[in-house]
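Derivation of every value follows stated rules applied to the coordinates shown; laboratory data play no part. What you see is a predicted model, and the numbers here were worked out from it, not measured in a lab. Neighbour counts are summed over all protein chains in view; Cβ atoms, including those assigned to glycine, are modelled from backbone coordinates with ideal geometry.
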Amino acid sequence: MKKLAVAALLMVFFCRTVLAAPFSLKAKSSQDRMLAVFYLSRTRNPAYVESFCQLLMNDRSEKVREAAAEALGHYGNNTKALACLLSAFSTENEEDVRKAILLSLYSFYSGKSGRIFCKVLKGNYSSNLKVIAARGLAGYEGVCEKALRKLLDDGNDEEKRAALFALSFRKENSGDVFKFFDSGDVKLRRLAFSYYLSHVPSETVLEKIERRIANETDLVAKSTALEVVLTYDKNPDIDSFLSAVSDERVKRRLALRLPFVKNRKISAELLKPFLRDNDTVVLTSALTYVGNSGNRKYCSLIRDFLFSSDESVRSAAIWAEGRLSCREGVKYLLAIVSDLNNDDSLRLQAAKTLTMFDKSILRRNISLLEKAYAAEVLDDVKENIEQAILKAKN
């Protein structure tokens, strides 16, 4: 115990000593200059930009120049910092410093940065620099498209991954990305499937994805491919889909993505495996999708979960009922509100959710709402029922 106390005191003393030390960008030791750059850049004080620039352009130490390049990346809206990075890249010869400059240029969304990335892709630069430059082009729509496609066709696996990553964030359509579905590089397969989450696949590509799912061994790639199917395929092979999600790991991973699926009309048959699962995370994710869908055809799927013994599932179901403004939902929620055996927090949530319903649904149930209001004893619950009544009458 004494040893721990002594160690703690020494740590406090060390931290205070280090933090109190005067950081000098002009220190004789390159290590001290590097530490000064590191700590001072975290302040993001623009007063240091000129000093960092001088170190990047002129310091003899490669490590100090690298640190200065990284430091300038903290000033993404500073034109002087951008100009310095661009200038330094044209004169710098050390690979690590060049890498640091390119990575810092990620912070500057500028046509000048895009042109540097493109220059690296087209020029006689190392593979590592091409990878960084390719990823940097993710936000530059239409810039260097041919060079990215060439890298995708002729680059090594890491270069291909970087090019595919960039193209995934851009609107232009690369029609042959599907060729990577059968790649031996699992990361390339993952990226290829992910690409079609942001680029609408043709019917032919969807068929290729469905065929690949059965043979896909990687959990991430498989769940991503299934997400593409859920998003775009209007007539998926139900048996193949159910077979794929019979793997609990695949199902859970896909469930976490359900709330973000763009297709709001997924077949109830495809949702059932998630809604029949015993995993609370899977169930709540599926109910969140249902609520976000705006599709009242799902209302019948929610009912049983309103009275679940699991608080998270029950809360998700109540929320989904309100989001969809289900025709019978007001009656179900009033049953929860009126049951004084329920926890007050549950009754309050149900009362708050009543205010989410469409006016037309509330009007049909106005007498039930008024009856519940008259019988309610908890002020917060009573106030929310009143808001629902006012919404119905206005």
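Taking a point 7 angstrom from the Cα of residue 358 along the C-beta vector, which residues in the range 318-337 have backbone N less than 20 Å away?
Once the point is set 7 Å along Cα→Cβ of residue 358, 318-334 turn out to lie under 20 Å by backbone N, inside the range 318-337.
Spin-label point model (7 Å from Cα, Cβ direction): what's the residue 50 to residue 247 distance in nm?
According to this spin-label approximation, the distance is 6.0 nm.
Would you please name the trypsin sites (Lys or Arg not before Pro) within the range 21-85 that are DSSP coil residues with at most 16 other C-beta atoms within 10 Å of their C-beta? Write down the numbers at each step before the final one.
Values: sites: 26, 28, 33, 42, 44, 60, 63, 65, 80; in loops: 26, 28, 42, 44, 60.
In loop regions of the range 21-85 (DSSP not H, G, I, E or B), the sparsely surrounded trypsin sites (Lys or Arg not before Pro) are 26, 28, 42, 44, 60.
If you average over every viewing direction, what projected area does the convex hull of the Cα atoms of the range 248-297 give, in nm²? Write down the numbers at each step before the final one.
Values: hull surface 12.4 nm².
Quarter of the Cα hull surface area: 3.1 nm².
Full extension from residue 115 to residue 176: what is 0.36 nm times the residue separation minus their Cα-Cα distance, to one decimal in nm?
Values: separation 61, 0.36 × 61 = 21.96 nm, distance 2.56 nm.
Full extension from residue 115 to residue 176 adds 19.4 nm.
Along the principal axes of its C-alpha atoms, what lengths does the chain span, in descending order and rounded to whole Å?
Ordered largest first, the chain gives principal extents of 82, 62, 52 Å.
Exposed loop sites here are chymotrypsin sites (Phe, Trp or Tyr not before Pro) in DSSP loop states with at most 14 other C-beta atoms within 10 Å. What is the longest stretch of the chain lacking them?
Working: sites that count: 109, 169.
The segment 170-394 is the longest one with no such site.
GluC sites (Glu not before Pro), restricted to the range 107-183: which are DSSP loop and have at most 12 other Cβ atoms within 10 Å? Don't skip to the end; give the middle numbers.
Details: sites: 141, 145, 158, 159, 172; in loops: 141, 172.
In loop regions of the range 107-183 (DSSP not H, G, I, E or B), the sparsely surrounded GluC sites (Glu not before Pro) are 141, 172.
Any chance you could run the full-extension gain for residue 200 through residue 281? It's 0.36 nm times the residue separation minus the Cα-Cα distance, nm to one decimal.
On the way: separation 81, 0.36 × 81 = 29.16 nm, distance 2.87 nm.
In short, 26.3 nm is gained.
About the Cα centre, and with charges only on the beta carbon of Lys, Arg (+1) and Asp, Glu (-1), how big is the dipole of the range 169-248? Nearest 20 debye, please. It would help to have the intermediate numbers written out before the result.
Details: 11 positive and 15 negative charges, 77 e Å.
Here the size comes out at about 360 debye.
Note down the nm distance, to one decimal, between modelled labels 7 Å out along Cα→Cβ at residue 268 and at residue 83.
The answer from the label model is 6.6 nm.
Using θ = phi - 60° and the Karplus relation 6.51 cos²θ - 1.76 cosθ + 1.60, list the HN-Hα couplings for the range 103-109 in order, rounded to whole Hz, with x at every Gly or Pro.
Whole-Hz 3J(HN,Hα) from phi for the range 103-109: 5, 5, 5, 4, 6, 10, 7.
May I ask you to evaluate 6.51 cos²θ - 1.76 cosθ + 1.60, the Karplus curve with θ = phi - 60°, for each residue of the range 36-53 and list the ³J(HN,Hα) values in order in whole Hz, giving x for glycine and proline?
Working through the residues one at a time gives 4, 4, 4, 6, 5, 5, 5, 6, 6, 7, x, 5, 8, 4, 4, 5, 4, 5 Hz.
Using the Cα gyration tensor of the range 129-239, with a ≥ b ≥ c the square roots of its eigenvalues, what is the shape: rounded (a/c below 1.5), prolate (a/b larger than b/c) or oblate (neither)?
On the way: a/c = 2.37, a/b = 1.67, b/c = 1.42.
Judged from the Cα gyration tensor, the range 129-239 comes out prolate (a/c at least 1.5, a/b above b/c).
Pairs 112/150; 208/234; 331/359; 352/393; 146/234: which are spaced more than 24 Å apart, C-alpha to C-alpha? Provide the component values of the computation, followed by the final result.
Numbers: 112/150 22 Å; 208/234 15 Å; 331/359 15 Å; 352/393 17 Å; 146/234 33 Å.
Beyond 24 Å: 146/234.
Residue by residue, what Karplus-based ³J(HN,Hα) values in Hz, rounded to whole numbers, does the range 188-205 have, using 6.51, -1.76 and 1.60 with θ = phi - 60° and x for Gly and Pro?
Rounded to whole hertz, the list is 5, 5, 4, 5, 5, 5, 4, 3, 7, 7, 10, 10, 4, x, 6, 4, 5, 5.
Mind sorting 346, 129 by how few other Cβ atoms lie within 10 Å of their own Cβ, fewest first?
Fewest-to-most Cβ neighbours within 10 Å comes out as 346, 129.
About the Cα centre, and with charges only on the beta carbon of Lys, Arg (+1) and Asp, Glu (-1), how big is the dipole of the chain? Nearest 20 debye, please. Each step should come with its number before you reach the end.
Working: 62 positive and 50 negative charges, 186 e Å.
The dipole of the chain has a size of about 900 debye.
Between residue 234 and residue 377, take the C-beta separation as r, use R0 = 51 Å, and let me know the FRET efficiency to the nearest 0.05. Walk me through the intermediate numbers first.
On the way: r = 51 Å, r/R0 = 0.99.
The pair residue 234/residue 377 has a calculated efficiency of 0.50.
Let's see if you can work this out: charge +1 on each Lys and Arg Cβ, -1 on each Asp and Glu Cβ, no other charges. What is the dipole magnitude of the range 304-394 about its Cα centre, in debye to the nearest 20? Walk me through the numbers before you get to the answer.
Details: 13 positive and 15 negative charges, 121 e Å.
Taking the Cα centre of the range 304-394 as origin, the dipole is about 580 debye.
Considering only DSSP states other than H, G, I, E and B, which trypsin sites (Lys or Arg not before Pro) in the range 170-278 qualify as loop sites with at most 15 other Cβ atoms within 10 Å? List each step's numbers first, then the result.
Values: sites: 170, 171, 179, 187, 189, 190, 208, 211, 212, 222, 234, 249, 251, 252, 253, 257, 262, 264, 265, 276; in loops: 170, 171, 234, 262, 264, 265, 276.
When the trypsin sites (Lys or Arg not before Pro) of the range 170-278 are filtered for loop state and at most 15 Cβ neighbours within 10 Å, 171, 234, 262, 264, 265, 276 remain.
First measure r as the distance between the Cβ atoms of residue 43 and residue 156, then evaluate 1/(1 + (r/R0)^6) with R0 = 35 Å and state the FRET efficiency to the nearest 0.05.
On the way: r = 40 Å, r/R0 = 1.14.
Taking R0 as 35 Å, the efficiency between residue 43 and residue 156 is 0.30.
Under the 0.36 nm per residue contour assumption, what length would be gained going from the current alpha-carbon distance of residue 24 and residue 260 to full extension? Before the final figure, lay out the partial values.
On the way: separation 236, 0.36 × 236 = 84.96 nm, distance 4.89 nm.
Computed gain between residue 24 and residue 260 is 80.1 nm.
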